[in-house]
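K.L.:
Can you read through this structure? Questions will come right after.
The values are calculated or read from the model by the stated rules, or taken from the named source; none is laboratory data. This one's a predicted model, so the numbers in the text were calculated from it and none came from an experiment. Quick reminder, even Gly has a Cβ in these numbers, built from the backbone with ideal geometry, and neighbours come from all protein chains shown. To get the accessible areas, we keep the full protein, side chains included, count just its heavy atoms, and leave off ligands, DNA and RNA. Shrake-Rupley method; radii C 1.70, N 1.55, O 1.52, S 1.80 Å.
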Amino acid sequence: MGMTLVEKILAKASGRSVVEPGENIWVNVDLLMTHDVCGPGTIGVFKREFGADAKVWDPEKIVLIPDHYIFTADARANRNVDILRDFAKEQSIKYFYDITDLSNFKANPDYKGVCHVALAQEGHTRPGEVLFGTDSHTCNAGAFGQFATGIGNTDAGFIMGTGKLLIKVPATMRFVLNGEMPPYLLAKDLILQIIGDISVSGATYRTMEFTGEAVERMTMEERMTLCNMVIEAGGKNGTIAPDETTFEYVRARTDKPFEAVYTDSDAKFYSEHHYDVSKLEPVVAQPHSPDNRATARECSNVKINRAYIGSCTGGKTEDFFHAAQVLKGHKVKVPTYIVPATQKVYEDLFKIKYQEQTLSEIFLEAGCIEPAAPSCAACLGGPKDTFGRMNEPEICVSTTNRNFPGRMGHKEAGIYLASPFTAAASAITGYVTDPREFL
């Protein structure tokens, strides 16, 4: 019997020739990522269990990324970054993307922004490898044909000291996406469609493998959107087989070697799900769950108070390009927040053009709020002074990934998860809007 892509990666990482779903195995870790929210706790576990003077297993295989609660006056949030900085110096951590001047993020050349997008842009996401991160959306990196998943501080502290982790091999659910992608659909619509079909617990502790001609035609950033939200279906990880699109992206960002692996033709799947993407339409996830799916047009009577375009899921360069396609030549009716995921994405807003205007010019001409400093910002709520945080029980259309009560701030706020197309169209009308009205 053959193996799936993920089973092959885990077999290699455990020094075995074959693994099967349900087996508990020790795996060797290629990379550990932690950020300002979970980093201090992880460091605390590491020092408690391995000793105050202990050294990490490999200072070149740990990435520390401040990104969540950065641009705030909150003293505790700022202290978290100080703890990362002290630890990076103590342990000679090679990849620490520091920020010291909060008043001007551009004055911090090492600062990147949102960890999941930064990991990809800095060449840390490579086919065939094992990546763990103290953030549930670490599964984003599965788009590169690797095993990437989120873990807690205790597991991360153990990896810091040993470079290993005991995990259970997940069974694989296969999602075959065929057909021609309509010009009004994006990967966000596809993953919201799938989560709506299988529910927020439909893939619990399983791999979601995406394949099919629609996936093969996707850019890396769209593939990242698909894999990013498998956790919203309960998935352990998501994955897409690497191809020339993957290799071109990775080789442009790192010269480190990697070994791509692929699912065998006789591999066994937990389940298979087939979609003809040409027959789908723009969807949203209504409050208060990512699986509370409805078509955008079914929600056309929902009045909104704001729109938010950002996060690891919806704050990449292509996400803003898609939003600009809709906003060009129109004015927004509600406050519209533009939050680039990374400093690189921020720079792209002022360089990349659509119909002879930069994306930033289109956004400002449409009446959007000036692009913010790159970070997670309001996606995880944060301190009260966080940019875009919902401090009132308002209704927001957002390109983020979760809409549970309190996720973006106020526990009575209502979040409609949507694609950049739909978020931009909704900003123009002031209601949840099908982007086909503007595309």
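K.L.:
Using the Cα centre of region 108-220 as origin and beta-carbon charges of +1 (Lys, Arg) and -1 (Asp, Glu), tell me which of I195, Y205, I167 is placed farthest towards the positive end of the dipole.
P.N.:
Most positive-ward Cα: I167.
K.L.:
At a probe radius of 1.4 Å, what is the per-residue accessible area of E370, in Å² to the nearest 10?
P.N.:
We get 120 Å² for E370.
K.L.:
For region 220-306, what is the charge dipole size about the Cα centre, in debye to the nearest 20, if Lys and Arg each add +1 at the Cβ and Asp and Glu each add -1 at the Cβ?
P.N.:
540 debye
K.L.:
Could you state the accessible area per residue of region 99-141 in Å², with a 1.4 Å probe and every protein chain left in place? Intermediate results must be reported in sequence, preceding the final value.
P.N.:
On the way: 1100 Å² over 43 residues.
Using a 1.4 Å probe on heavy atoms only, each residue of region 99-141 averages 26 Å².
K.L.:
Calculate the FRET efficiency for N301 and A73 from the Cβ-Cβ distance with a Förster distance of 45 Å, rounded to the nearest 0.05. Numbers along the way, then the final one.
P.N.:
On the way: r = 39 Å, r/R0 = 0.87.
E(calc), rounded to 0.05, equals 0.70.
K.L.:
Further question on the same structure: Projecting each Cα onto the charge dipole of the chain (Lys/Arg +1, Asp/Glu -1 at the beta carbon, about the Cα centre), which of A118, P383, I62 comes out farthest on the positive side?
P.N.:
Checked the options; the winner is P383.
K.L.:
Skip the ligands, DNA and RNA, and give the accessible area per residue of region 164-263 with a 1.4 Å probe, whole Å². Display every interim value, and only then the final one.
P.N.:
Working: 3500 Å² over 100 residues.
About 35 Å² of surface per residue is accessible.
K.L.:
Which order do R306, R76 take by accessible area at a 1.4 Å probe, largest first?
P.N.:
Working: R306 25, R76 185 Å².
Result of the area sort, largest leading: R76, R306.
K.L.:
For a quick check: with amide H placed at 1.01 Å from N, whose amide H comes under 5 Å from S375's, ignoring anything fewer than 5 positions away on the same chain?
P.N.:
Excluding prolines and chain starts, which carry no amide H, the hits are V114.
K.L.:
Moving on to the next point. About the Cα centre of the chain, how large is the charge dipole given +1 on each Lys and Arg Cβ and -1 on each Asp and Glu Cβ? Please answer in debye to the nearest 20. Intermediate results must be reported in sequence, preceding the final value.
P.N.:
Details: 45 positive and 56 negative charges, 143 e Å.
Taking the Cα centre of the chain as origin, the dipole is about 680 debye.
K.L.:
If you roll a 1.4 angstrom probe over the protein chains with everything in place, what fraction of the accessible area of region 258-401 belongs to carbon and sulfur, to the nearest %?
P.N.:
On the way: 2810 of 6010 Å².
It is 47 percent, rounded to a whole number.
K.L.:
Name the shape class, rounded, prolate or oblate, that the alpha-carbon gyration tensor gives for the chain, where a ≥ b ≥ c are the square roots of its eigenvalues, rounded holds for a/c under 1.5, and otherwise prolate holds if a/b is larger than b/c and oblate otherwise.
P.N.:
Working: a/c = 1.71, a/b = 1.19, b/c = 1.44.
Taking the square roots of the gyration eigenvalues as a ≥ b ≥ c, the chain is oblate.
K.L.:
Could you work out [θ]222 nm for the chain from helices alone, using -39500 (n - 2.57) per DSSP H run of at least four and dividing by all its residues? Round to the nearest 500 deg cm²/dmol. Don't skip to the answer; put the middle values down first.
P.N.:
Numbers: 14 runs with 127 residues, N = 439.
Rounded to the nearest 500, it is -8000 deg cm²/dmol.
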